[in-house]
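S.K.: One structure follows; several queries about it will come next.
The values are calculated or read from the model by the stated rules, or taken from the named source; none is laboratory data. In this text, all values refer to a predicted model and were calculated from it rather than measured experimentally. So basically every Cβ, Gly included, is an ideal-geometry build from the backbone, and we count neighbours across all protein chains shown.
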Amino acid sequence: MIKLGLIGTPIAHSLSPSLHKGFMNSVGLQGSYELFEMEQLPSEGLRRFMKNRQLTGLNVTIPFKEQVVHELDEIDESAEQLRTVNTIVVENEKLIGYNTDVFGIAKSLDKLAILPKTALVFGSGGASKAVVDVLDKRGCIAQIFSRSDNGNSYESLHSEEARKHLLWVNCTPVGTRGVEPHLLPLPYAVLNEEFAIFDLVYIPNPTPFMNEGLKRGAKVIGGEIMLNEQAKKSWLLFHDAYYRNL
């Protein structure tokens, strides 16, 4: 029996349990996928946390994608470059970290089919780093804005600057059902049909961020494609680790 889970907050809305149960059923493998809502990493450390629950793997979301790196024995090349991890497997008693977000982001941008030369990325966590990396490799220069007073804050983004960047990407949980505030403080009035909106939030659909674009004719895409594609990649890692550990 394979045991998996997700750590982070907020995660009560997560579709990961149903997705991974579907993957298990597709290969005839019994197992479980549990949500571990937490605001801090386990005090006993991830190794003991996973061992005590007999977990083969964990998905990692906000706010831990960067924090978990320091508790792992190995990380793959993509995760090493970004210093962010969203998937952890136990293999030969080692904790190994991966970043499957980049795959999901790339698939989402393929579907959006619009890639301007510059973009605005909102949020400064692990997901935003993955987005910036994918955009950079496609020749799109991104600027990051966040709540932080250091550097670019949302309030510092003026209309004159915002209208120069035709792709906006939300990498924060703002807009997730039940999360307040529901909308980032941005100059939405500059949006028009030339713009594209990519929101990594997938519930609701459309999100408040996407609705601001839709009202003004922008092309929009939510986080469902990213969720599904990164989950497929994570599942392959979980599945292979499970059988290697038998």
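S.K.: Quick check: anything in the range 202-210 part of a helix (DSSP H, G or I), outside the structural domain of residue 21 (by TED's automatic domain parsing), modelled with pLDDT of 95 or more and of a type in the set (Phe, Trp, Tyr)?
M.R.: Yes, because at least one residue in the range 202-210 is part of a helix (DSSP H, G or I), outside the structural domain of residue 21 (by TED's automatic domain parsing), modelled with pLDDT of 95 or more and of a type in the set (Phe, Trp, Tyr).
S.K.: Residues being buried (at least 20 other Cβ atoms within 10 Å of the Cβ) and within 17 Å of residue 52 (Cβ to Cβ): count how many of those fall in the range 7-32.
M.R.: 1
Results for (1) touching a residue at least 24 places away in the same chain (Cβ under 8 Å); (2) in contact with a strand residue (DSSP E or B) (Cβ under 7 Å, 6 or more places away or on another chain); (3) over 15 Å from residue 65 (Cα atoms), shown as yes or no for each residue.
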position	(1), (2), (3)
98	yes, yes, no
103	yes, no, yes
107	yes, no, yes
116	yes, yes, yes
119	yes, yes, yes
128	yes, yes, no
142	yes, yes, yes
147	no, yes, yes
153	no, yes, yes
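S.K.: Kindly indicate whether any position in the range 182-194 is closer than 18 Å to residue 62 by Cβ, of a type in the set (Val, Ile, Thr), modelled with pLDDT of 95 or more and not in a loop (DSSP other than H, G, I, E, B).
M.R.: no
S.K.: Right, next: Would you mind finding the one in 71, 37 that is under 22 Å from residue 171 (Cα atoms) and acidic (Asp, Glu)?
M.R.: One residue alone meets the criteria, 37.
S.K.: Further, regarding this structure: Need the failing condition index for residue 124 against (1) without any contact (Cβ under 8 Å) to a residue 60 or more places away in the chain; (2) surrounded by fewer than 21 Cβ atoms within 10 Å (Cβ to Cβ); (3) touching a Leu at 6+ places or on another chain (Cβ under 6 Å), just the number.
M.R.: (3)
S.K.: Quick check on the range 172-201: of everything there that is hydroxyl-bearing (Ser, Thr, Tyr) and within 14 Å of the chain's Cα centre (by Cα), which residue is nearest to residue 148 (Cα to Cα)?
M.R.: 172
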